[in-house]
Structure formats: structure tokens, C-alpha cells
1. When the range 27-46 is examined, which residues are found to be touching a residue at least 40 places away in the same chain (Cβ under 8 Å) and charged (D, E, K, R)?
2. Here are ALA11, ALA16: which of them is of a type in the set (Gly, Ala, Ser), more than 27 Å from PRO83 (Cα to Cα), surrounded by 10 or more Cβ atoms within 10 Å (Cβ to Cβ) and more than 15 Å from the chain's Cα centre (by Cα)?
3. Of all residues being within 17 Å of VAL10 (Cβ to Cβ) and of a type in the set (A, V, I, L, M) in the range 40-62, which is surrounded by the fewest Cβ atoms within 10 Å (Cβ to Cβ)? Just the residue, please.
4. Evaluate the following for GLU101: is it part of a helix (DSSP H, G or I) and within 20 Å of the chain's Cα centre (by Cα)?
5. Do we have ALA70 as modelled with pLDDT of 90 or more, open to solvent by less than 70 Å² (accessible area, probe 1.4 Å) and not polar (S, T, N, Q) here?
6. Can you find, within the range 19-39, the residue that is nearest to VAL80 (Cα to Cα) among those that are assigned to a helix (DSSP H, G or I) and open to solvent by less than 80 Å² (accessible area, probe 1.4 Å)?
Amino acid sequence: MGELLALPVVAYAVIAIGSRKGRVASAVRKAGDPSYGMYLWGFPIQQLLIQATGTTSIALSITVVLPLAAGMGYLSWWLVEHPSIRFGAKLSRLASRAVREDRAVQS
């Protein structure tokens, strides 16, 4: 029963902490945006933990999976997501420039 009650408490805490403003929150945001990577990696890490320990404890999941998923989220941000966003922005600028040049030639 305690684990069932922990679910909405943990969900609320994550949202409350994630939406805070201040020096700590600003420092965390400057380090990158691990949210999508945490979403991608959280479930596989949790399943590996369950396979390794045989337990589905919420407390163990929070204390082990959350930091590992956050770490993987940051790695994902810096190695995949951030470079992809920058590359997409560059492609967008190049495409926009090509369209403008094409229109100028057609005029």
C-alpha cells in the first residue's frame, strides 16, 4: 500500500522540483536537458535492475534507476540530442538561404 501511495507523491515531487526557479535549477538546466534521455533509458534500466535483483521495490527503483537514468539522459543530450538540434538548425538556415536565392534568381 505504501508503494502505491508513493507514486503520486514521487510524480508531484518530480514536477515540483523540475519547475522550480533558482540557482540550483539554473545550474541543472545549464548542464543540459536530460528529460528525453531519461524517458528513453529509464524503463530499460529499471528492467535490468528487476532482472538483476528480482525485486520491484519503488524505493530501490528511485534510488538506483533515477540517478542512472539521469546520467544516461545527460549523456544522450550531449552526444546525440544537442548535436542533432544544432545540425537541424544549420540545415534549416541553409535551406532557407537556398530558397531565398532561388526566388531571387527567378525574379
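1. Once the filter is applied, which keeps residues that are touching a residue at least 40 places away in the same chain (Cβ under 8 Å) and charged (D, E, K, R), the range 27-46 yields only ASP33.
2. Unique residue meeting the criteria: ALA11.
3. Once the filter is applied, the top-ranked residue is ALA59.
4. For GLU101, the condition - part of a helix (DSSP H, G or I) and within 20 Å of the chain's Cα centre (by Cα) - is not met.
5. Judged against the criteria, ALA70 is a match.
6. For the range 19-39, the residue satisfying everything is GLY37.
Residue-wise test of (1) at negative phi; (2) free of Cβ contacts under 8 Å to residues at least 24 places away in the same chain.
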| position | (1), (2) |
| --- | --- |
| LEU7 | yes, no |
| ALA16 | yes, yes |
| GLY22 | no, yes |
| LEU48 | yes, yes |
| THR56 | yes, yes |
| SER76 | yes, no |
| ILE85 | yes, yes |
| ALA104 | yes, yes |
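The values are calculated or read from the model by the stated rules, or taken from the named source; none is laboratory data. Owing to the predicted nature of the structure, the values given are computational and were not obtained by experimental measurement. Methodologically, a virtual Cβ is constructed for each residue, glycine included, from the backbone with ideal geometry; neighbour enumeration extends over all protein chains shown. Heads up: the accessible areas ignore ligands, DNA and RNA and are worked out on the full protein's heavy atoms, side chains in. Shrake-Rupley method; radii C 1.70, N 1.55, O 1.52, S 1.80 Å.
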